[in-house]
1. So, of the residues in segment 249-261 that are assigned to a loop (DSSP other than H, G, I, E, B) and out of contact with any Pro (no Cβ under 7 Å at 6 or more places or on another chain), which turns out to be farthest from N275 (Cα to Cα)?
2. Suppose we filter segment 270-303 for residues that are more than 12 Å from F176 (Cα to Cα) and small (G, A, S); how many remain?
3. Of the residues in segment 40-51, how many are acidic (D, E) and crowded, with 18+ Cβ neighbours inside 10 Å?
4. Every residue in segment 77-88 that is open to solvent by 10 Å² or more (accessible area, probe 1.4 Å) and more than 22 Å from T143 (Cβ to Cβ), please.
5. For G215, are the conditions met, namely being open to solvent by 30 Å² or more (accessible area, probe 1.4 Å), in a loop (DSSP other than H, G, I, E, B) and small (G, A, S)?
6. Tell me whether segment 228-243 contains one or more residues that are open to solvent by less than 50 Å² (accessible area, probe 1.4 Å), at pLDDT 95 or above, within 19 Å of the chain's Cα centre (by Cα) and within 19 Å of E70 (Cβ to Cβ).
7. Among I248, I222, I209, which is open to solvent by 10 Å² or more (accessible area, probe 1.4 Å), at negative phi and among the β-branched types (V, I, T)?
8. Filter segment 97-129 down to the residues that are hydrophobic (A, V, I, L, M, F, W, C) and surrounded by fewer than 16 Cβ atoms within 10 Å (Cβ to Cβ), then identify the one that is nearest to G247 (Cα to Cα).
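The values are calculated or read from the model by the stated rules, or taken from the named source; none is laboratory data. These numbers were taken from a predicted model, which means no experiment stands behind them. Reconstructed Cβ throughout: ideal geometry from the backbone, glycine too, with neighbour counts over all protein chains shown. We work out accessible area using only protein heavy atoms, side chains counted, and drop any ligands, DNA or RNA first. Shrake-Rupley method; radii C 1.70, N 1.55, O 1.52, S 1.80 Å.
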Amino acid sequence: MQKHIFLPFLFTLIFLPFLSCALFLNGCGRQAEPLSRTGFYFDTVVTITLYDKQEEALLDQCFSMAQSYENMFSKTVENSDIWNINHGNGQPVSVSDNTLALLRAALSYARLTDGKIDPTIGPVTQLWDFSASSDGLIPSRETLAEALSHVGYENILIDGNQVCLSDPQAQIDLGFIAKGYIADRMKDYLLSQGVKSATINLGGNVLAIGSRPDGSPFRIGIQKPFAPEGTVALALPVSDLSVVSSGIYERYFEKNGIIYHHILDTKTGYPVQNNLLEVTILSQSSMDGDALSTTCFLLGSEDGMALIESLENTEAVFLMSDGSVLASSGLDL
(Lines give C-alpha, C1' and ligand atoms only; values in the text may rest on other atoms or scores of the structure.)
Protein backbone atom coordinates (compact mmCIF):
# COMPACT_ATOMS: atom_id res chain seq x y z
CA MET A 1 0.00 0.00 0.00
CA GLN A 2 1.33 3.43 -0.91
CA LYS A 3 2.03 5.99 1.78
CA HIS A 4 0.28 9.36 1.89
CA ILE A 5 1.96 11.91 4.16
CA PHE A 6 1.77 15.66 4.55
CA LEU A 7 4.86 17.80 4.22
CA PRO A 8 4.70 21.59 4.55
CA PHE A 9 7.50 22.06 1.97
CA LEU A 10 9.86 23.87 4.35
CA PHE A 11 13.20 22.53 3.15
CA THR A 12 16.82 23.48 2.67
CA LEU A 13 17.85 25.63 -0.25
CA ILE A 14 20.65 24.28 -2.44
CA PHE A 15 22.08 26.32 -5.27
CA LEU A 16 23.97 24.37 -7.92
CA PRO A 17 23.70 26.56 -11.03
CA PHE A 18 25.02 24.00 -13.51
CA LEU A 19 22.23 21.50 -12.83
CA SER A 20 18.63 21.41 -13.91
CA CYS A 21 15.66 22.96 -12.18
CA ALA A 22 13.90 19.59 -11.92
CA LEU A 23 16.50 17.41 -10.21
CA PHE A 24 19.88 18.24 -8.72
CA LEU A 25 22.68 16.58 -6.81
CA ASN A 26 23.22 17.27 -3.15
CA GLY A 27 26.33 16.76 -1.08
CA CYS A 28 29.32 15.61 -3.10
CA GLY A 29 31.48 15.02 -0.03
CA ARG A 30 35.23 15.55 0.16
CA GLN A 31 36.41 13.03 -2.38
CA ALA A 32 38.94 13.61 -5.13
CA GLU A 33 37.88 16.37 -7.47
CA PRO A 34 35.38 14.90 -9.96
CA LEU A 35 35.70 15.46 -13.68
CA SER A 36 32.63 17.24 -15.02
CA ARG A 37 31.44 18.89 -18.21
CA THR A 38 28.28 20.78 -19.16
CA GLY A 39 26.69 21.39 -22.54
CA PHE A 40 23.31 22.23 -24.05
CA TYR A 41 21.36 19.64 -26.02
CA PHE A 42 17.69 18.67 -26.39
CA ASP A 43 16.75 22.20 -25.23
CA THR A 44 18.20 21.52 -21.80
CA VAL A 45 21.43 21.71 -19.84
CA VAL A 46 23.37 18.43 -19.88
CA THR A 47 25.99 17.70 -17.20
CA ILE A 48 28.08 14.54 -16.96
CA THR A 49 30.33 13.99 -13.94
CA LEU A 50 32.89 11.23 -13.47
CA TYR A 51 33.98 10.47 -9.90
CA ASP A 52 36.44 7.62 -10.46
CA LYS A 53 38.00 8.46 -13.84
CA GLN A 54 39.98 11.50 -14.93
CA GLU A 55 39.63 10.85 -18.65
CA GLU A 56 38.43 13.72 -20.81
CA ALA A 57 38.03 11.31 -23.75
CA LEU A 58 35.10 9.69 -21.95
CA LEU A 59 33.30 13.01 -21.74
CA ASP A 60 34.21 13.74 -25.36
CA GLN A 61 32.45 10.57 -26.43
CA CYS A 62 29.39 11.19 -24.25
CA PHE A 63 28.87 14.64 -25.71
CA SER A 64 29.49 13.30 -29.20
CA MET A 65 26.69 10.82 -28.47
CA ALA A 66 24.46 13.66 -27.28
CA GLN A 67 24.96 15.50 -30.57
CA SER A 68 24.40 12.35 -32.60
CA TYR A 69 21.17 11.46 -30.81
CA GLU A 70 19.87 14.99 -31.10
CA ASN A 71 20.46 14.72 -34.85
CA MET A 72 18.39 11.51 -34.86
CA PHE A 73 15.51 12.23 -32.51
CA SER A 74 14.85 15.98 -32.67
CA LYS A 75 11.64 17.02 -34.39
CA THR A 76 13.16 20.43 -35.19
CA VAL A 77 16.63 19.47 -36.50
CA GLU A 78 16.34 19.31 -40.27
CA ASN A 79 17.10 15.85 -41.71
CA SER A 80 16.92 14.10 -38.35
CA ASP A 81 15.10 10.77 -38.55
CA ILE A 82 12.04 12.24 -36.83
CA TRP A 83 12.10 15.39 -38.97
CA ASN A 84 12.29 13.25 -42.11
CA ILE A 85 9.32 11.11 -41.03
CA ASN A 86 7.27 14.18 -40.13
CA HIS A 87 8.06 15.79 -43.49
CA GLY A 88 7.81 12.61 -45.54
CA ASN A 89 4.26 13.24 -46.79
CA GLY A 90 3.32 9.73 -45.76
CA GLN A 91 6.17 8.07 -47.66
CA PRO A 92 8.44 5.48 -45.96
CA VAL A 93 11.66 6.84 -44.46
CA SER A 94 14.71 4.77 -43.53
CA VAL A 95 15.74 5.34 -39.92
CA SER A 96 18.57 4.22 -37.64
CA ASP A 97 18.30 1.23 -35.32
CA ASN A 98 18.30 3.64 -32.37
CA THR A 99 15.36 5.60 -33.74
CA LEU A 100 13.52 2.37 -34.42
CA ALA A 101 14.10 1.14 -30.86
CA LEU A 102 12.92 4.44 -29.41
CA LEU A 103 9.79 4.52 -31.59
CA ARG A 104 8.90 0.97 -30.57
CA ALA A 105 9.31 1.88 -26.89
CA ALA A 106 7.17 5.00 -27.33
CA LEU A 107 4.45 2.95 -29.01
CA SER A 108 4.48 0.43 -26.17
CA TYR A 109 3.61 3.22 -23.72
CA ALA A 110 0.92 4.53 -26.03
CA ARG A 111 -0.69 1.09 -26.09
CA LEU A 112 -0.25 0.68 -22.32
CA THR A 113 -2.21 3.88 -21.67
CA ASP A 114 -4.70 3.49 -24.52
CA GLY A 115 -3.37 6.65 -26.10
CA LYS A 116 -3.24 8.88 -23.03
CA ILE A 117 0.40 9.24 -23.94
CA ASP A 118 0.89 9.45 -27.69
CA PRO A 119 4.07 10.01 -29.73
CA THR A 120 2.01 11.65 -32.51
CA ILE A 121 0.99 14.56 -30.27
CA GLY A 122 3.11 16.90 -32.43
CA PRO A 123 0.20 18.70 -34.19
CA VAL A 124 -1.08 19.75 -30.75
CA THR A 125 2.22 20.65 -29.08
CA GLN A 126 3.14 22.98 -31.93
CA LEU A 127 0.04 25.08 -31.17
CA TRP A 128 1.32 25.91 -27.69
CA ASP A 129 4.27 28.04 -26.61
CA PHE A 130 5.48 27.42 -23.08
CA SER A 131 8.88 29.06 -23.53
CA ALA A 132 10.10 31.88 -21.32
CA SER A 133 9.18 34.32 -24.10
CA SER A 134 5.65 32.95 -24.54
CA ASP A 135 2.93 35.46 -25.31
CA GLY A 136 0.42 33.24 -23.51
CA LEU A 137 -1.84 32.60 -26.49
CA ILE A 138 -4.39 29.84 -25.89
CA PRO A 139 -5.42 27.86 -28.99
CA SER A 140 -9.12 27.81 -29.77
CA ARG A 141 -11.15 24.65 -29.29
CA GLU A 142 -11.68 24.48 -33.04
CA THR A 143 -7.96 24.70 -33.75
CA LEU A 144 -7.19 22.05 -31.16
CA ALA A 145 -9.94 19.78 -32.48
CA GLU A 146 -8.43 19.93 -35.96
CA ALA A 147 -4.96 19.15 -34.60
CA LEU A 148 -6.30 16.29 -32.46
CA SER A 149 -7.88 14.69 -35.52
CA HIS A 150 -4.32 13.91 -36.66
CA VAL A 151 -3.18 12.47 -33.33
CA GLY A 152 -3.17 8.69 -33.14
CA TYR A 153 -0.23 6.40 -32.52
CA GLU A 154 -1.77 3.92 -34.96
CA ASN A 155 -0.65 6.32 -37.71
CA ILE A 156 2.97 5.21 -37.17
CA LEU A 157 3.69 2.31 -39.53
CA ILE A 158 6.95 0.36 -39.20
CA ASP A 159 8.27 -2.10 -41.75
CA GLY A 160 11.81 -3.19 -41.00
CA ASN A 161 13.77 0.06 -40.70
CA GLN A 162 11.21 1.95 -42.78
CA VAL A 163 8.81 4.24 -40.96
CA CYS A 164 5.95 6.33 -42.31
CA LEU A 165 2.86 8.16 -41.11
CA SER A 166 -0.41 6.93 -42.58
CA ASP A 167 -1.78 10.42 -41.89
CA PRO A 168 0.74 12.83 -43.46
CA GLN A 169 -0.45 15.59 -41.11
CA ALA A 170 0.46 13.58 -38.02
CA GLN A 171 3.70 14.65 -36.33
CA ILE A 172 5.93 12.57 -34.06
CA ASP A 173 7.22 14.16 -30.85
CA LEU A 174 9.38 11.93 -28.63
CA GLY A 175 10.02 14.52 -25.94
CA PHE A 176 8.45 12.30 -23.27
CA ILE A 177 10.96 9.48 -23.68
CA ALA A 178 14.03 10.48 -25.72
CA LYS A 179 16.22 11.92 -22.95
CA GLY A 180 15.83 8.79 -20.89
CA TYR A 181 16.87 6.59 -23.81
CA ILE A 182 19.93 8.76 -24.40
CA ALA A 183 20.93 8.66 -20.73
CA ASP A 184 20.73 4.86 -20.79
CA ARG A 185 22.99 4.68 -23.85
CA MET A 186 25.53 6.99 -22.20
CA LYS A 187 25.46 4.78 -19.11
CA ASP A 188 26.07 1.69 -21.26
CA TYR A 189 29.08 3.37 -22.83
CA LEU A 190 30.59 4.53 -19.54
CA LEU A 191 30.13 1.10 -17.98
CA SER A 192 31.87 -0.45 -20.98
CA GLN A 193 34.83 1.82 -20.24
CA GLY A 194 35.08 0.71 -16.62
CA VAL A 195 33.37 3.72 -15.01
CA LYS A 196 31.87 2.75 -11.66
CA SER A 197 30.92 6.13 -10.16
CA ALA A 198 29.29 8.84 -12.26
CA THR A 199 26.17 10.91 -12.78
CA ILE A 200 24.43 11.76 -16.04
CA ASN A 201 22.10 14.74 -15.77
CA LEU A 202 19.86 15.55 -18.75
CA GLY A 203 17.57 18.24 -17.43
CA GLY A 204 14.95 16.46 -15.31
CA ASN A 205 16.66 13.11 -15.83
CA VAL A 206 19.43 12.13 -13.41
CA LEU A 207 21.04 8.73 -13.86
CA ALA A 208 23.47 7.55 -11.19
CA ILE A 209 26.14 5.01 -12.07
CA GLY A 210 27.05 3.18 -8.88
CA SER A 211 27.47 5.29 -5.78
CA ARG A 212 29.94 7.92 -4.61
CA PRO A 213 33.58 6.80 -4.39
CA ASP A 214 33.29 6.37 -0.61
CA GLY A 215 30.38 3.97 -1.09
CA SER A 216 27.70 6.37 0.12
CA PRO A 217 24.69 7.03 -2.11
CA PHE A 218 24.23 10.12 -4.21
CA ARG A 219 21.52 12.41 -2.88
CA ILE A 220 19.07 13.61 -5.50
CA GLY A 221 16.95 16.62 -4.61
CA ILE A 222 13.43 16.86 -6.01
CA GLN A 223 12.65 20.43 -6.94
CA LYS A 224 9.87 22.10 -4.98
CA PRO A 225 7.23 23.15 -7.56
CA PHE A 226 7.09 26.89 -8.34
CA ALA A 227 9.90 27.64 -5.86
CA PRO A 228 13.24 29.21 -6.80
CA GLU A 229 15.54 26.85 -8.63
CA GLY A 230 17.43 24.63 -6.19
CA THR A 231 14.70 24.59 -3.52
CA VAL A 232 14.44 20.99 -2.32
CA ALA A 233 11.04 19.44 -1.74
CA LEU A 234 12.53 16.07 -0.92
CA ALA A 235 16.01 14.48 -1.04
CA LEU A 236 16.41 10.84 -2.03
CA PRO A 237 19.50 8.62 -1.49
CA VAL A 238 20.24 6.91 -4.80
CA SER A 239 22.79 4.34 -5.98
CA ASP A 240 22.81 2.93 -9.50
CA LEU A 241 19.33 4.23 -10.27
CA SER A 242 17.59 6.69 -12.55
CA VAL A 243 15.52 9.51 -11.09
CA VAL A 244 13.22 11.39 -13.48
CA SER A 245 10.73 14.15 -12.67
CA SER A 246 7.91 15.71 -14.66
CA GLY A 247 5.92 18.62 -13.34
CA ILE A 248 3.65 21.44 -14.32
CA TYR A 249 6.14 24.08 -13.13
CA GLU A 250 8.79 23.19 -15.72
CA ARG A 251 7.26 24.93 -18.73
CA TYR A 252 4.10 26.92 -18.25
CA PHE A 253 2.45 30.30 -18.37
CA GLU A 254 -0.31 31.78 -16.24
CA LYS A 255 -3.30 33.64 -17.62
CA ASN A 256 -6.34 34.93 -15.76
CA GLY A 257 -5.26 32.97 -12.71
CA ILE A 258 -5.04 29.66 -14.60
CA ILE A 259 -1.77 27.78 -15.11
CA TYR A 260 -1.29 26.36 -18.59
CA HIS A 261 1.53 23.80 -18.68
CA HIS A 262 3.24 21.53 -21.21
CA ILE A 263 1.75 18.16 -20.19
CA LEU A 264 -1.14 17.98 -22.64
CA ASP A 265 -4.27 15.84 -22.55
CA THR A 266 -4.46 13.85 -25.78
CA LYS A 267 -8.27 13.94 -25.65
CA THR A 268 -8.75 17.69 -25.28
CA GLY A 269 -5.45 19.21 -26.41
CA TYR A 270 -5.38 21.35 -23.25
CA PRO A 271 -3.01 20.90 -20.30
CA VAL A 272 -4.14 17.98 -18.15
CA GLN A 273 -5.97 19.10 -15.03
CA ASN A 274 -5.63 16.95 -11.92
CA ASN A 275 -4.32 17.17 -8.37
CA LEU A 276 -0.68 16.56 -9.30
CA LEU A 277 2.14 19.08 -9.34
CA GLU A 278 5.04 16.72 -9.97
CA VAL A 279 5.78 13.05 -10.52
CA THR A 280 9.20 11.51 -9.82
CA ILE A 281 10.09 7.99 -10.91
CA LEU A 282 12.96 5.84 -9.58
CA SER A 283 13.88 2.96 -11.88
CA GLN A 284 16.76 1.02 -13.39
CA SER A 285 16.04 2.35 -16.88
CA SER A 286 16.02 6.10 -17.42
CA MET A 287 13.97 5.62 -20.58
CA ASP A 288 11.25 3.88 -18.58
CA GLY A 289 11.48 6.53 -15.86
CA ASP A 290 11.16 9.28 -18.46
CA ALA A 291 8.08 7.75 -20.04
CA LEU A 292 6.51 6.76 -16.73
CA SER A 293 6.85 10.23 -15.20
CA THR A 294 4.67 11.66 -17.97
CA THR A 295 2.45 8.59 -18.14
CA CYS A 296 1.64 8.71 -14.42
CA PHE A 297 0.99 12.43 -14.59
CA LEU A 298 -1.52 11.87 -17.38
CA LEU A 299 -3.13 8.93 -15.58
CA GLY A 300 -3.55 10.91 -12.34
CA SER A 301 -2.51 10.00 -8.82
CA GLU A 302 -4.77 6.97 -8.28
CA ASP A 303 -4.27 5.17 -11.59
CA GLY A 304 -0.68 6.34 -11.86
CA MET A 305 0.27 4.91 -8.48
CA ALA A 306 -1.58 1.69 -9.27
CA LEU A 307 0.57 1.35 -12.38
CA ILE A 308 3.76 1.91 -10.38
CA GLU A 309 2.77 -0.67 -7.77
CA SER A 310 2.26 -3.21 -10.57
CA LEU A 311 5.84 -2.78 -11.85
CA GLU A 312 8.95 -4.42 -10.45
CA ASN A 313 11.95 -2.36 -9.35
CA THR A 314 10.07 0.89 -9.90
CA GLU A 315 9.10 3.47 -7.28
CA ALA A 316 7.45 6.87 -7.42
CA VAL A 317 6.88 10.07 -5.47
CA PHE A 318 3.88 12.24 -6.34
CA LEU A 319 3.78 15.83 -5.10
CA MET A 320 0.15 16.85 -4.72
CA SER A 321 -1.47 20.24 -5.08
CA ASP A 322 -2.53 20.23 -1.40
CA GLY A 323 1.11 19.99 -0.28
CA SER A 324 1.05 16.28 0.52
CA VAL A 325 3.38 13.60 -0.82
CA LEU A 326 2.22 10.24 -2.13
CA ALA A 327 4.97 7.61 -2.15
CA SER A 328 4.96 4.07 -3.50
CA SER A 329 5.22 1.20 -1.04
CA GLY A 330 8.89 0.45 -1.68
CA LEU A 331 10.10 3.86 -0.54
CA ASP A 332 10.96 4.71 3.05
CA LEU A 333 10.49 8.47 3.28
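1. Filtering segment 249-261 for residues assigned to a loop (DSSP other than H, G, I, E, B) gives 249-251, 256-257.
Now drop any that are not out of contact with any Pro (no Cβ under 7 Å at 6 or more places or on another chain), which leaves 250-251, 256-257.
Details: E250: 16, R251: 17, N256: 19, G257: 16 Å.
Per the stated criteria, the residue is N256.
2. 4
3. Restricting attention to segment 40-51, the residues satisfying the condition of being acidic (D, E) are 43.
Subsequent filtering for residues that are crowded, with 18+ Cβ neighbours inside 10 Å retains none.
Result for segment 40-51: 0.
4. Once the filter is applied, which keeps residues that are open to solvent by 10 Å² or more (accessible area, probe 1.4 Å) and more than 22 Å from T143 (Cβ to Cβ), segment 77-88 yields V77, E78, N79, D81, W83, N84, G88.
5. Working: open to solvent by 30 Å² or more (accessible area, probe 1.4 Å): yes; in a loop (DSSP other than H, G, I, E, B): yes; small (G, A, S): yes.
When the stated conditions are applied, G215 passes them.
6. Within segment 228-243, none of the residues are open to solvent by less than 50 Å² (accessible area, probe 1.4 Å), at pLDDT 95 or above, within 19 Å of the chain's Cα centre (by Cα) and within 19 Å of E70 (Cβ to Cβ).
7. Working: I222 fails: open to solvent by 10 Å² or more (accessible area, probe 1.4 Å); I209 fails: open to solvent by 10 Å² or more (accessible area, probe 1.4 Å).
Exactly one of I248, I222, I209 is open to solvent by 10 Å² or more (accessible area, probe 1.4 Å), at negative phi and among the β-branched types (V, I, T), namely I248.
8. If we filter segment 97-129 for residues that are hydrophobic (A, V, I, L, M, F, W, C), which is where we start, we get 100-103, 105-107, 110, 112, 117, 121, 124, 127-128.
Applying the additional criterion that residues be surrounded by fewer than 16 Cβ atoms within 10 Å (Cβ to Cβ) yields 101, 112.
Values: A101: 26, L112: 21 Å.
Going through the qualifying residues, I end up with L112.
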